[in-house]
1. Please go through segment 219-238 and pick out each residue that is crowded, with 16+ Cβ neighbours inside 10 Å, in a loop (DSSP other than H, G, I, E, B) and aliphatic (A, V, I, L, M).
2. Can you run down the residue pairs with Cβ atoms below 9 Å, 6 or more apart or on separate chains, where the first is in segment 199-212 and touching a residue at least 12 places away in the same chain (Cβ under 8 Å) and the partner is charged (D, E, K, R) and part of a loop (DSSP other than H, G, I, E, B)?
3. I need the full set of residues from segment 229-286 which are at positive phi and in contact with a strand residue (DSSP E or B) (Cβ under 6 Å, 6 or more places away or on another chain), in order please.
4. For segment 265-304, name all the residues that are over 22 Å from Leu233 (Cα atoms) and surrounded by 18 or more Cβ atoms within 10 Å (Cβ to Cβ).
5. Which residues, taken from segment 241-252, are more than 18 Å from Pro292 (Cα to Cα) and more than 48 Å from the chain's Cα centre (by Cα)?
Amino acid sequence: MATDISKTTHADEVRRRRSQAAKRRNSAASRAASTIRPLVSRPRVTGAPGSANQRAHGRRGFEFALAQAGTLLAFPTLPRVRGGWRLVSGSIVLLLVAMLARLLTDPRMYVRDLNLGGAALVPGKDIFAASGIAHQHIFWVNPAEVQQRIAALSGIDSAQVSVEWPSVVTVVVKEKVPVIKWVEGDQVLWVNAQGEKFQARGDVPGLLPITVDDVKAAGDDYVVPLAAIQGALQLRELRPNIELLHYDTENGLSYQDGRNWRGYFGVGTDMAQKLAVYESLVDNLLARGIHPSMISVVDVRAPYYRK
């Protein structure tokens, strides 16, 4: 009888302990459920990866667990954009076309004038017209071609051309310097120290005029001999009162003496010697009462005169 009571008591003790443990678990769960906790930050993907629902809508959903057990909030995401290399390249092409169209239509890209340097005798408007780039887009300006066109302008010896963004064209010219005024009939030209004839522009004080008496010495292709230029300048220096010289290919330089005859001096740089012989011959003729119509010292070794 005692044995049965002892067994019964042990079984009751085991049940009592289990019952207390269950109460403690329930109490802990109740306290956890009543405590306010923040949102769970880690998303959970609904549905299996690559599921039919996900492929159909092309997007993923995110669920967040709230503090209360069993409560979930689902947030949809933006649809996934699927782009390929064709879309990217097409966008780039459209962007480039738009930029090109903008550059081609921008009025600031068109040349309206020049930054000009070195021009004193040739007007800037003539240089700009010769350049051929008036109202031209800066993309089509070829500096080498512009340089050639300007250098070919009468009175221009050489030109340097540079182009800068957005529409700045700088031209620096070197002009031909006139030393003689060359008169062919009604046409007045300038001649530089190299014998090149070019268009006279305006009036340069102090230029010695030379009238052409020979058709062979006229024309655009005729280059004035350097000896003639040197001789003319030397005569002007030795006789500052000379206001006009004449020229022909046979007798060279001459001038109308104020004593009513023509004196011929040829060409070259020996004008000082020729003038000495000329004046000596004039004195001799006048002393003898001879009034010539011409005196020639073209060949200083064999001067002569005509009545």
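Quick note: the coordinates plus some simple rules give every number you see, no bench work behind them. Owing to the predicted nature of the structure, the values given are computational and were not obtained by experimental measurement. When we count neighbours, we look across all protein chains shown, and the Cβ atoms used for this are built from the backbone with ideal geometry, even at glycine.
1. Val224
2. Leu208/Glu243; Pro209/Glu243
3. Across segment 229-286, the qualifying residues are Gly252, Gly266.
4. Leu281, Val282, Pro292
5. Within segment 241-252, Asn241, Ile242, Glu250, Gly252 qualify.
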